[in-house]
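Colleague: Below you will find the structure I want to go over with you.
The values are calculated or read from the model by the stated rules, or taken from the named source; none is laboratory data. Just so you know, these numbers come straight off a predicted model, no measurement behind them. Quick reminder, even Gly has a Cβ in these numbers, built from the backbone with ideal geometry, and neighbours come from all protein chains shown. Keep in mind that these areas ignore ligands, DNA and RNA; they rest on the heavy atoms of the full protein, side chains included. Shrake-Rupley method; radii C 1.70, N 1.55, O 1.52, S 1.80 Å.
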Amino acid sequence: DSFCALAVQRRRYGWQLRHWHYQSVSSSCIGDKTAMLSPEIMAALSEWRRNLPRRVSLRIALPADVILQQSIKLPEPSLSLQEQSWLVEASMSKLFPLAARELAVDYRLISSVNSERSDSGEIVVSATRRSVIEYWKTELARADIFPDIIDTTPCVLRYMALSGGVPP
């Protein structure tokens, strides 16, 4: 297992990578998502934060094993953003085994490129427990880290690469 941290800073013409940190850790260092992060990781995070400028955009990606993901076929291709939102809200109880109030949810519209109908698509819905997000925010705050964005992108990229035949 490993722990990766990146820091980027907004510049006039885009984003600049300000700092990165990679550390191999034993699985016992990360914990079971209910215990605090190990002193080893907390020390690394605190040191990493001290090396960063104060005005930097901090973003985290949650571990893949805490993300729930399902897809919904679009009933018609030209749903408005509001209709997409209603569709996701109405589908929550069918998609996930948890109450909607327990989940933080995000979704993305994916257009189908391999379909006979060029205008078909689906909505990919990602969710995680609100308690998991609060856990990570609390733990990171101990190291003076306050993420601007909490995302799943690295996990999605990994699965896309695997489906494209790229070895892990």
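Colleague: Quick check on S46: is it modelled with pLDDT of 80 or more and assigned to a strand (DSSP E or B)? Can you show your working first?
Modeller: Working: modelled with pLDDT of 80 or more: yes; assigned to a strand (DSSP E or B): no.
Spelling it out, it is not the case that S46 is modelled with pLDDT of 80 or more and assigned to a strand (DSSP E or B).
Colleague: Another question about this same structure. Taking V125 as the residue in question, decide whether it is out of contact with any Pro (no Cβ under 6 Å at 6 or more places or on another chain), in a helix (DSSP H, G or I) and modelled with pLDDT of 85 or more. First the steps, then the outcome.
Modeller: On the way: out of contact with any Pro (no Cβ under 6 Å at 6 or more places or on another chain): yes; in a helix (DSSP H, G or I): no; modelled with pLDDT of 85 or more: yes.
So V125 does not fit the description; no.
Colleague: On the basis of being closer than 30 Å to T138 by Cα, at pLDDT below 75 and surrounded by fewer than 16 Cβ atoms within 10 Å (Cβ to Cβ), does A100 make the cut?
Modeller: Working: closer than 30 Å to T138 by Cα: yes; at pLDDT below 75: no; surrounded by fewer than 16 Cβ atoms within 10 Å (Cβ to Cβ): yes.
When the stated conditions are applied, A100 does not pass them.
Colleague: When the residues of segment 128-152 are filtered to those that are assigned to a strand (DSSP E or B) and within 19 Å of A100 (Cα to Cα), which remaining residue is most open to solvent (accessible area, probe 1.4 Å)?
Modeller: Looking only at segment 128-152, we keep the residues that are assigned to a strand (DSSP E or B), and these are 128-129, 149-151.
Next, from what is left, pick out any that are within 19 Å of A100 (Cα to Cα): 128-129, 150-151.
Numbers: T128: 7, R129: 103, I150: 59, D151: 42 Å².
This residue is R129.
Colleague: Next question, about the same structure. So is D119 within 19 Å of the chain's Cα centre (by Cα) and modelled with pLDDT under 90 or not?
Modeller: On the way: within 19 Å of the chain's Cα centre (by Cα): no; modelled with pLDDT under 90: yes.
Against the criterion (within 19 Å of the chain's Cα centre (by Cα) and modelled with pLDDT under 90), D119 does not qualify.
Colleague: A further question on this structure: Restricting attention to segment 75-89, which residues are open to solvent by 70 Å² or more (accessible area, probe 1.4 Å) and in a helix (DSSP H, G or I)? Step through it out loud before you land on a result.
Modeller: Going residue by residue through segment 75-89, those that are open to solvent by 70 Å² or more (accessible area, probe 1.4 Å) are 75-76, 78, 81-83, 86, 89.
L81, Q82, E83, W86, E89 - these are the residues of segment 75-89 that are open to solvent by 70 Å² or more (accessible area, probe 1.4 Å) and in a helix (DSSP H, G or I).
Colleague: Another question about this same structure. State whether one or more residues within segment 37-47 are exposed (fewer than 13 other Cβ atoms within 10 Å of the Cβ) and closer than 23 Å to T152 by Cα.
Modeller: no
Colleague: Taking the criterion of being open to solvent by 30 Å² or more (accessible area, probe 1.4 Å), in a helix (DSSP H, G or I) and either more than 16 Å from E122 (Cα to Cα) or in contact with a strand residue (DSSP E or B) (Cβ under 6 Å, 6 or more places away or on another chain) (or both), would at least one residue in segment 60-74 satisfy it?
Modeller: yes
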